[in-house]
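*Asks:* Encoded as C-alpha cells, here's the structure I'll be asking about.
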Amino acid sequence: MLLTASVWSKRFLSRALPALILLLFVGLPLAGAHGYLIRAIPEDRSVLERSPARVQYWFSEALEPDFSTITVRDTSGTVVAEGGVSENDDKLMTARLPGSLPDGAYIVDLRLAFASDGHVIFESRTFFVGEAVAGVGGVTSSDQAVTLEVVWRALLLTSTLLLMGVFSLYALVLVPAWGSDAHPAGGLPPRVMNRLYVLAFTGLVLAVIANVIALIQQTMVLFGVDAGRAISEGLWSVVRIGTRFGDTWNVRMLLLALIAVFLGAGWYWRRTQPSLMRPFWVASVWAMALVLFTWSIAAHAAGSLALPWLAILSDWLHGAAAGIWAGGVIALALVLPVALKPYTRDARRQALLAVLRRFSGVAIAAMAVVIATGIYNATNWFTEANDVATSYGGTLAFKLLLVAALLAVGAAHHIALRPERYVRWSALIDRVRTFLPTLRLEALIAVLVIVLAAWVAATPVPQPTLPPQTETPGGTQTVETLSVTLAITPGGPGANTYDVQVIRGGQLVSDADVRVQLVNPTLARRGDRHVAEDTGDGLYVAAGTDITQAGAWQVLVDVSEGQKSTRAAFPVTIREDAAVIFSRAPSFLQIVALVAVLAAVGVALSPSLRRFVSWLNPRPLSLLVAALATLGLVAAIVLAVWLSDLSNRQTEAELYPLPTLVNPALPDADSLARGAVLAEMACGWSRDNRDLGELAERLVRLRDEELYAFTLEGWRSLPPCGDVSDTQRWDIVNYLRTLGE
Ligand code: HEM
C-alpha cells in the first residue's frame, strides 16, 4: 500500500517532528540568569596583614569575558590593578595585585556581564592592608529590574504564551470539541481557523519585535551605550554572534521562523492539501514548547545551585502550563466571539458549553502544574527568612495576588459550568452564565500576571548570605634571609591556585625557579611538583587539583636561585567549606514541591496515559511483566551505580593504600639539612654511592614508610642507619625525597 506524500508529511509532522524537537532540547546551550557571588577572597572589608597576591570573586554562573572587568584602585583613585574573567574558570573574576601594596584601603570595582542573559551589574567591594580605614566602603549591586528589560520580557512572555495558548487551544480544546471532517482544512470552520491564524501571526510578529528589543537592550547594557549607537554602530551583531545571550536569541528566532513556515505551509496548501493544516498546527505546539525552553535556559532557574536542570525543567513546565492555561484563556476570549457569531440561543449555548467544559478540564490540569512548578521555582530562591523582603520577593508576592484573582475568576467559571453540582452558588452562576464578559476579565488578569512574571524574571534574585569565609590556607616561612609567603585559594578540596611570593632581604625575588608540591602524609599522597610561573613582582603562581579532600596537608615550596635552593614547607589545614561550592542540596521544601510537581504532571497527563494504556490493550500478565521489567531495570541501575562506586573505592584503596606508618616530620629546610647530615654520618650513604642514585630514580614509586624501612634494614649496598631516633629517621626520609628532584 503506497502511502501518499501527504500521509508521510502528516506522519512526519505529528510523530517524527516532536521527537526531533525533543532531541534539540538536549543540544541547546545551557545558560543561567542573574548570577550572584558565592566566594570572595579577600572578603569584603577584610583587614589583611599584607597585600594579597590577587583578588578573586567566584560567581554562581558564567560571565562574558569580553564584557566583564575588575579594577582595583586606592582611595586616591589610582588604579593599582586590572583584571577580568579567569581563563581557566568562566565563573571566576580575578586580578593580580602588584608585589607589595602599601597599607591602606583598596576598592575593587566589578563590572559583571552574566553569560546567560547578559545582565550587567556593577558592584564594588573593599579590603584594607594594615588596618581598616573608616568611611571607605563598597557599593552593592542594584536589586531592581531594568525597565526596558521588563518591557521586552513582558512582550516576549505575553506573545509566546499567547502562541502557546492558541496552538494548545486548537489541539486540545477546539478540535476535540468542535472538530468535524466537514472542515478538511484544520478540522474547524474557516472563520475560526482564520481567527486562529490572525492570532498566531500577531503573536509571532510581537515575539519577533520583543526579541529585537531584547537584543538592542542587551547591546546597550553590555557596551554601556544608548540604543542609537547600539544600532548604528552594528554593536548588536557583536552581541548576537559573540555571546551566549546571542546563541539563545538566534535559536529562538530560528524556531519562530520555523513556526511561521509551518503556519504558512498549512495556509498555502489549505485548498490543495487541506489535511496537512492540522499536522502543521500540531507541530507548532511542539515548536512552541521549544521556544519556551529558550526562555527557561536563560531564566533565573538555570542559575540555581540546587539541581539546575530540574530547575530549568520546572521553569519550562511552568511556562508551558501557563501558556496552556493563561495563554489559552486569552486565545479563547479572542476566538469565541467570531466562532459563535453564526449561532443563536440554544445552539450558541451548546457550542459555548462544549468548548468551555473541554477547556475547563485542560485548564484545571495546567493550573495544577503551574502552581506546583511555581512553588518549586520559588524554592530555588527563598532559602533564608529575609529573602521574601527583597524586590524579587515583593514582585513575586504582587504576582501571586493577581494569580489569586485569576484563580477566583477561573473558579467562578468552573462552578458556572457545573450548576447541578454547585446549587448553592446560583447567584454567582447567574452572574457569569454568559461567560464571555468574565472570560475577557480573566484574559485581562492573565495578561497582567504574565507582565508581572516578566518583572519577576527581570529582577535580581535574593543574594544568599555568604557563609563566613575561612582563612585562606598558607602563611609565611622565613629561611635565613628568604621569606616565602604562600596563599592557597580558594583553599578547599578541588581546583586551587598556589600563590608564592618570594622576598630575599626585603627585595622581591624574580627569575627564580619555584616548585610547589602538595603532600598528605596521612594518606601517603604526593601531588605533582608544579613549576610556578614567574608573574613578576616576586610572585610565582601555580594551580592544580592535588587537594583531593579536607584534612592536614603539607605544601613544599622549593626556591632555586642559581645554584642555591631553599625549601619552605607549610603545614596547612584544608577545610571542606573552603571549597567554592557551585551546588547545594535541595531543601526539604524543594523536595516536597518536586513531589507536588510530579503529582500534578501525572494528573495532567493521566487522560493521555489512560488512552495510551487502552491503545496498548495490555493483559494483566503483560502489565505484570512490564512492571517487573521496570523494577528490574531500576534495580539493575541502582546495583550498577553501587558496584561502580564500590569498584572506584576499591581501585582508590588499591592505588592509594593508607600508610601503616605516617611521616610526622615536616620536610622543611631544617629537616632536610638534618637528614642530609644523618644520611652521610649515621647511615654512611654517600652521594656517590651508585645504589643511592638507583634509589633516587625509584623515589616516585616509593612511599615514605618504605624509605623509613630502608633506614632500618638498609637497601642493596646501602647499610641500615645506625643508632638514630625515629624523628631522625624521618629527617633522613625527607632528605632522600629531595634526591629525585
Ligand atoms: C501559585 C502560582 C505561581 C507561582 C508560585 C509562580 C512562581 C513563579 C516563579 C518563582 C517563577 C520564576 C521567576 C524567575 O525567577 O525567573 C515564575 C516564572 C514564571 N511564571 Fe509563575 N508562578 C505562579 C503562577 C503563574 C501563573 C498563573 C502564570 C501565568 C499566567 C505564571 C507565569 C510565569 C512565567 C511566564 C514565568 C517564566 C518567566 C521566565 O522564565 O522568564 N506564573 N513563576
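*Asks:* Taking the Cα centre of the chain as origin and charging only Cβ (+1 Lys, Arg; -1 Asp, Glu), how large is the dipole, in debye to the nearest 20? Could the numbers behind the result be given before it?
*Replies:* Numbers: 57 positive and 61 negative charges, 1259 e Å.
Roughly 6040 debye, rounded to the nearest 20.
*Asks:* For the range 603-741, with all protein chains present and a 1.4 Å probe, just round the carbon and sulfur fraction of the accessible area to a whole percent.
*Replies:* 64 percent
*Asks:* Something else about it: What angle do you read, to the nearest 10 degrees and between 0 and 90, between the alpha-carbon axis of helix 308-322 and the longest principal axis of the chain?
*Replies:* So the helix axis and the longest Cα principal axis differ by about 10 degrees.
*Asks:* For residue 399, which aspartates and glutamates qualify as cross-link partners when the Cα separation must be under 20 Å and same-chain residues fewer than eight apart are set aside?
*Replies:* Cα-Cα hits under 20 Å: 143, 149, 315, 387, 442.
*Asks:* Can you give me the % of accessible surface on the range 232-389 that is carbon or sulfur? Probe 1.4 Å, all protein chains present, nothing else counted.
*Replies:* 67 percent
*Asks:* Based on the mean of other Cβ atoms within 10 Å per residue, sort peptides 59-68, 242-251, 349-358, 630-639 so the most packed one is first.
*Replies:* 59-68, 242-251, 349-358, 630-639
*Asks:* Shifting gears a bit: Between the range 101-171 and the range 403-439, what's the alpha-carbon centroid distance in Å?
*Replies:* 43 Å
*Asks:* Cβ neighbours within 10 Å, averaged per peptide: list 333-343, 213-223 in order, most packed at the top.
*Replies:* 213-223, 333-343
*Asks:* Also, quick follow-up: By how many degrees, 0 to 90 and rounded to 10, does the Cα axis of helix 588-616 deviate from the longest principal axis of the chain?
*Replies:* 50 degrees
*Asks:* For the range 230-285 and the range 567-602, what is the centre-to-centre distance using only Cα atoms, to the nearest Å?
*Replies:* 39 Å
*Asks:* Which of rounded, prolate, oblate describes the chain, given a ≥ b ≥ c as roots of the alpha-carbon gyration tensor eigenvalues and a/c under 1.5 marking rounded, otherwise prolate only if a/b is larger than b/c?
*Replies:* Prolate, since a/c reaches 1.5 and a/b exceeds b/c.
*Asks:* Counting only heavy atoms of protein chains, what accessible area per residue, in Å², does the chain have with a probe of 1.4 Å?
*Replies:* Spelled out: the 1.4 Å probe surface of the chain, per residue, equals 47 Å².
*Asks:* Follow-up question, since we're still on this one. Specify whether the C-alpha gyration tensor of the range 669-738 places it in the rounded, prolate or oblate class, a ≥ b ≥ c being the square roots of the eigenvalues: rounded for a/c under 1.5, otherwise prolate if a/b is larger than b/c and oblate if not.
*Replies:* Working: a/c = 1.29, a/b = 1.18, b/c = 1.09.
In terms of gyration-tensor shape, rounded.
*Asks:* What is the percent carbon and sulfur in the accessible area of the range 36-141, measuring with a 1.4 Å probe over the protein chains and ignoring ligands?
*Replies:* It is 46 percent, rounded to a whole number.
*Asks:* Measure nothing but the geometry: give the 0 to 90° angle between the long axis through the Cα atoms of 190-223 and the longest principal axis through the Cα atoms of the chain, rounded to 10°.
*Replies:* Taking the Cα atoms of the chain, the angle to 190-223 is about 30 degrees.
*Asks:* Post the alpha-carbon centroid distance, the range 289-304 to the range 343-393, in whole angstrom.
*Replies:* Each part's Cα centre sits 19 Å from the other's.
The values are calculated or read from the model by the stated rules, or taken from the named source; none is laboratory data. What you are looking at is a predicted structure, and each value in this text was computed from that prediction instead of being measured. All Cβ positions, even for glycine, are placed from backbone atoms using ideal geometry, and neighbour counts span all protein chains on display. Just so you know, the surface numbers come from the protein's heavy atoms only, side chains and all, with ligands and any DNA or RNA stripped out. Shrake-Rupley method; radii C 1.70, N 1.55, O 1.52, S 1.80 Å.
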